[in-house]
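The block underneath contains the structure these notes are about, expressed in structure tokens.
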């Protein structure tokens, strides 16, 4: 294993030290609880929007903390859910009395720990709601999941919910919008290579020189099938087709995320987007907004995922609203 | 070779199709000449700022096109200089009569072709200046260079020059500032893995499982030495020390770029930045601004580089000025 790390046990702590050093004017870091907190949180009267999960998916979630998106991101160990205590600390740090929304990717550990934290916070008088993102069409149930996994759609849910909270919506309003956005999201990914979890020290799985894993999860958990590498035009179709089979995307504008898994260069992601864009046009899907780049990664895995979110006017309005984070800014 | 491509010969064209599809409201693509042009170029009275070079370093240069930075980026084949004709077309597309600055990384082919284009444009009455960036302290002369190579410092030169042009400075003023910024930049990089040029089909070089290449170039050209992998704390010192030995950075505020080579995840880049930040503080270097992420890449190479730019008030003012590109936005 070759990585730019000091020790497998200090990867997350070292990265948080780096974030603290790089962004002192915009982020506060609670090193004990591994929280990345927006400098302006808690803000009186504003609903707090909190997310988190295992580390190794950066910029998700820490890169999405800031005005217009998350108030706090909770960092677990690499590919490991944060503890209920960490999430409770996030709720305590961010709540201003207006309540808090937890955005949770659908993994068994995350769902359990965020739920437990919500109950502990509720016992302290904090008004807590949660939305579970389960947008991956690749598999039902998996190594770490009952039901579908939460992947790229999370970025859109966090952006839209964060903007709604920023605009002064109530907890009920932010929650309803976040739920609607999560329900409208579908994703599918593929890997060209595995990643190596620092604590494991070796690749999670092996792929031959001409193989891809279609339907890969963001922790290297198995997908739908092993297939031969093919031109990106064909691979794009294998990502887009199951998404379109799962939900009708022809009757509303769509937000498209063409997301790198960490080790795939931008020049390839734009090549993929060209094909995705052509395929969607041919299917009568109208792309209203797009993002191309690394947003929900799996350490240094080579590969990509495509996310479609069927948007309504309110989602588009909050998608377009200003955001000021290290990972998204406009 | 496993890549998300259709064919090694279409990688650049496919990526430009993707950029055209993704950013129709902000970028114009000249597919014939492989130019990425800001939607607002040419702008009457504004000095045009143009850069370019071989592809495979994205977001450099195409990701830095937009208000406040570049007017045009010229894309060569992967790791191959664009032709004089391409650069001439860029000059013709961007010049509004106020002249144009060419920002050129110091590689023999780039320098020659940009110079020839400048002469052709001058013959058409376009006022052209150029600044060569040669910030890599690793080696003097190399496989593709007479003198030092141009690497991460290019981002800072493009940002500062682009902001000065945006503010209405004359060609002489923009050029002087860009030259001063280039002169104040020093960089050093390392690789954990090679990259694979699509047309070559196999890795440019081989590194053993416990080896790094210190002083790597952004095309996989050899660096200073092969060394054993070590904790990032030590590797950070091997990047920072030769930079500080080359120029005194203790008597002015410094812009620091902690740059990924493409295949290294953000969580590791922040870990590296934590160490760089500590080392610079211990050496009495005052970090005024920083960037952590993938800015000047080498396809999917795993590794990182550190760039320091000794800044004056004017550089900081233009660094802080608003920028609206796909790769940098504030």
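Since every read-out is calculated from the coordinates, none of them should be taken as a lab result. Because the structure is a prediction, the values reported are computed rather than measured. So basically every Cβ, Gly included, is an ideal-geometry build from the backbone, and we count neighbours across all protein chains shown.
Worth a mention:
- Fraction of beta bridges assigned by DSSP in chain A that are antiparallel (%, nearest 5): 55 percent
- Only Cα pairs under 8 Å and 6+ residues apart enter the sum, and on that basis the relative contact order of segment A:247-311 stands at 57 percent.
- Note on residue A:248/residue A:228: beta-carbon distance plugged into 1/(1 + (r/R0)^6) with R0 of 25 Å gives a FRET efficiency of 0.25.
- Seen from every direction in turn and averaged, the convex hull around the alpha carbons of segment B:146-194 projects onto 4.5 nm².
- For segment B:185-318, averaging the sequence separation of C-alpha pairs within contact (under 8 Å, six or more residues apart) and dividing by the residue count gives a relative contact order of 34 percent.
- Per-residue ellipticity at 222 nm from helix content only, as computed over chain B with -39500 (n - 2.57) for each DSSP H run of at least four residues, stands at -10000 deg cm²/dmol.
- Rel. contact order, % - alpha carbon contacts under 8 angstrom, at least six apart, chain B: 18 percent
- Debye intensity ratio in log₁₀ form over the Cα atoms of segment B:185-318, taken at each q of 0.19 Å⁻¹: -1.04
- Principal axis dimensions, largest first and in whole angstrom, of segment A:1-73 by Cα: 47, 21, 19
- The alpha-carbon positions of segment B:11-183 define a convex hull whose volume is 92 Å³ per residue.
- Space enclosed by the convex hull of the alpha-carbon atoms of segment A:104-221, per residue, Å³: 122 Å³
- Anisotropy class of segment A:204-244 from Cα gyration tensor, a/c 1.5 cut: oblate
- Shape call, chain B: gyration tensor on alpha carbons, a/c limit 1.5: oblate
- C-alpha center-to-center spacing [segment A:127-171, segment B:191-268] in angstrom: 37 Å
- Orientation-averaged projection of the protein assembly as shown equals 25.3 nm² [convex hull of Cα atoms, one quarter of hull surface area].
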